[in-house]
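A.B. asks: For reference, the structure I am asking about is given below.
The values are calculated or read from the model by the stated rules, or taken from the named source; none is laboratory data. Because the structure is a prediction, the values reported are computed rather than measured. No Cβ is skipped: glycine too gets one built from the backbone with ideal geometry, and neighbour counts run over all protein chains shown. Areas reflect the complete protein model, heavy atoms only, side chains present, ligands, DNA and RNA absent. Shrake-Rupley method; radii C 1.70, N 1.55, O 1.52, S 1.80 Å.
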Amino acid sequence: MRNFKPFSHAIIALFIISLSAWCHGQVELDIAPMEKAEKDALFSTIQGFVGHWWNGSDLYPDPCGWTPIQGVSCDLFDGFWYITALNIGPTQENSLSCAKNVEFKPHLFELKHLKSLSLFKCFRSQRRHQVTIPNANWENLAGSLKSLEFRSNTGLIGKIPSSFGVLKKLQSLVLLENGLTGEIPAEIGNLNKLKRLVLAENYLSGHIPDIFSTLSDLLILDLSRNSLSGSLPLTLGCLTSLLKLDVSKNHLEGNLLKEFGYLKNLSLLDLGDNRFSGGLALSIQEMYSLEEMVLSNNAIGGDIRTLNWENLHNLVSLDLSNMGLNGEIPESMLELKRLRFLGLSDNNLTGNLSPKLSTLPSLNALYVSGNNLAGELKFSMDFYGKMGTRFGAWNNPNLCCPLGALATNHVPFGVKPCQQQIKLVESNTNDGDVNNTFHSIASLCYAPKTFPLIIILFLNSYIGL
């Protein structure tokens with residue numbers, strides 16, 4: 001017992017020393033100073049965005065102390081606080097919101113440890129006080145900046161600065177929903193650490209530059225909703241790590257790339273609303289990781305049976321609407337067990353609509369309207385009930401629904417009744433009533449919902465039930 005007491009005393013003493021050291025370190029963190037030049041640069045930068053009314057008077061003891069600025073992050077370098085992140089805009093209730101007359105102050109480029117810069121809904125006027133992104137001084141941030149994001153700034157106009165190409169540490173470049181114009185600068189190809197490149201929803205024009213051979217780390221590429229033209233660059237096939245590729249809603253043209261086959265990790269491919277042509281490329285069936293594919297509203301054409309659809313077993317959403325496709329709906333699509341959405345509308349598809357499509361366990365939306373499908377719909381009433389308005393088969397002149405479907409509330413909208421069954425009705429009517437009977441029953445098939453009582457009355461009157 002006597003031997004234990006000195007040991008316990010030693011443990012207590014060691015604990016007290018450790019606690020004292022921790023507290024001393026914590027005090028140092030709390031009172032760590034910020035260089036005046038850093039503080040002045042921060043204040044001037046913030047005032048450029050939010051207005052000169054802001055002077056930081058409520059901050060203690062400095063912007064990185066006990067009362068920090070919402071959207072501003074700091075870190076210690078050589079015993080001093082430096083700004084590492086600056087996020088301006090209404091992202092949270094107490095965030096700094098931008099003024100009407102916003103400007104980029106040159107002091108922004110004096111924040112030498114800045115890693116992240118984000119401006120959200122700062123430049124909002126499309127007519128008054130429009131602002132361009134400065135082209136100079138970005139090299140001052142080349143050693144630190146990793147994320148640069150300008151989102152929802154409709155008053156931010158002009159070209160994307162070519163000087164962004166000096167930001168060699170940049171991992172995320174997001175210029176989303178702004179008013180930017182001109183071409184995509186080829187200098188972006190210098191950003192070989194880039195993982196995310198989003199330039200969507202601007203007014204960018206010209207060709208997509210062939211710069212992707214050096215961007216092998218890229219995970220997300222979104223150039224959608226611009227006015228880009230020309231063909232897709234072949235070096236897109238170098239993006240073997242890519243997870244998302246979206247170039248929809250542009251004016252792109254040409255054939256689908258055979259280089260798509262190299263994108264084994266891609267989960268989303270959206271080429272919709274462009275001018276692509278030349279048929280379905282066999283390389284598509286090599287993109288085994290695809291979960292969502294949108295090729296709709298392109299004049300691609302060709303036979304839908306070109307591809308071995310069973311290879312794309314991870315597909316959840318497939319939209320091939322309005323592409324000029326022909327042929328019968330392939331049986332291989334029945335192997336897409338994860339498929340939830342299948343859009344085949346407004347093509348030139350022929351043949352019967354297989355009732356086996358209802359066996360796809362996850363399917364909850366099927367659109368085949370505007371084709372040349374023929375024959376009788378043979379889906380179960382449970383299938384129609386499950387799909388509701390998410391099943392579309394109208395505008396197929398030779399497709400018909402059985403009269404049995406009319407006695408439910410799940411009538412497929414816009415599909416006419418089958419002729420053979422109508423003749424049974426006609427044979428039990430007077431000649432003068434034949435046309436009226438046909439039009440009455442046909443109108444029921446075209447209604448999105450019908451009342452079973454009306455159907456029963458028709459059947460009782462005309463076929464003696």
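A.B. asks: Collect the residues in the stretch 275-304 that are touching a helix residue (DSSP H, G or I) at 6+ places or on another chain (Cβ under 8 Å) and more than 19 Å from residue 262 (Cβ to Cβ), keeping them in residue-number order.
C.D. replies: Result: 279, single match.
A.B. asks: Name the residue that is farthest from residue 142 (Cα to Cα), counting only residues in the stretch 88-114 that are buried (at least 20 other Cβ atoms within 10 Å of the Cβ) and modelled with pLDDT of 90 or more.
C.D. replies: Across the stretch 88-114, the extreme among qualifying residues is 88.
A.B. asks: Among strands (runs of 3 or more DSSP E) lying entirely in the stretch 206-292, which contain 2 or more residues that are closer than 24 Å to residue 302 by Cα?
C.D. replies: Passing ranges, in order: 227-230, 244-246, 251-255, 268-270, 275-277.
A.B. asks: Follow-up question, since we're still on this one. Which one of the conditions (1) over 27 Å from residue 289 (Cβ atoms); (2) without any contact (Cβ under 8 Å) to a residue 40 or more places away in the chain; (3) open to solvent by less than 50 Å² (accessible area, probe 1.4 Å); (4) not in a helix (DSSP H, G or I) does residue 378 fail to meet, given that it meets all the rest?
C.D. replies: (3)
A.B. asks: Does residue 345 qualify as being within 23 Å of residue 265 (Cβ to Cβ) and among the hydroxyl-bearing types (Ser, Thr, Tyr)?
C.D. replies: It is false that residue 345 is within 23 Å of residue 265 (Cβ to Cβ) and among the hydroxyl-bearing types (Ser, Thr, Tyr).
A.B. asks: Okay, next question. So which pairs qualify, if the first residue must be in the stretch 154-171 and free of Cβ contacts under 8 Å to residues at least 40 places away in the same chain, the second must be acidic (Asp, Glu), the Cβ gap must be under 6 Å, and the two must be at least 6 apart or on different chains?
C.D. replies: 162/187; 165/187; 166/139
A.B. asks: Evaluate the following for residue 278: is it in contact with a strand residue (DSSP E or B) (Cβ under 9 Å, 6 or more places away or on another chain) and either on the phi < 0 side of the Ramachandran plot or open to solvent by 50 Å² or more (accessible area, probe 1.4 Å) (or both)?
C.D. replies: yes
A.B. asks: Going by what's in this entry, would residue 213 be described as open to solvent by 60 Å² or more (accessible area, probe 1.4 Å) and on the phi < 0 side of the Ramachandran plot?
C.D. replies: Taking the combined requirement at face value, the residue satisfies it.
A.B. asks: Moving to a separate point now. For the stretch 385-395, give me each residue that is open to solvent by 10 Å² or more (accessible area, probe 1.4 Å) and either farther than 22 Å from residue 317 by Cβ or assigned to a helix (DSSP H, G or I) (or both).
C.D. replies: The answer is 385, 386, 388, 389, 390, 395.
A.B. asks: Further, regarding this structure: Identify the single condition in (1) open to solvent by less than 10 Å² (accessible area, probe 1.4 Å); (2) within 22 Å of residue 48 (Cβ to Cβ) that residue 157 does not satisfy, given that it satisfies every other one.
C.D. replies: Among (1) open to solvent by less than 10 Å² (accessible area, probe 1.4 Å); (2) within 22 Å of residue 48 (Cβ to Cβ), the lone unmet condition for residue 157 is (1).
A.B. asks: Of 252, 263, which residue is closer than 19 Å to residue 321 by Cα and of a type in the set (A, V, I, L, M)?
C.D. replies: Selected residue: 252, the only one of 252, 263 that is closer than 19 Å to residue 321 by Cα and of a type in the set (A, V, I, L, M).
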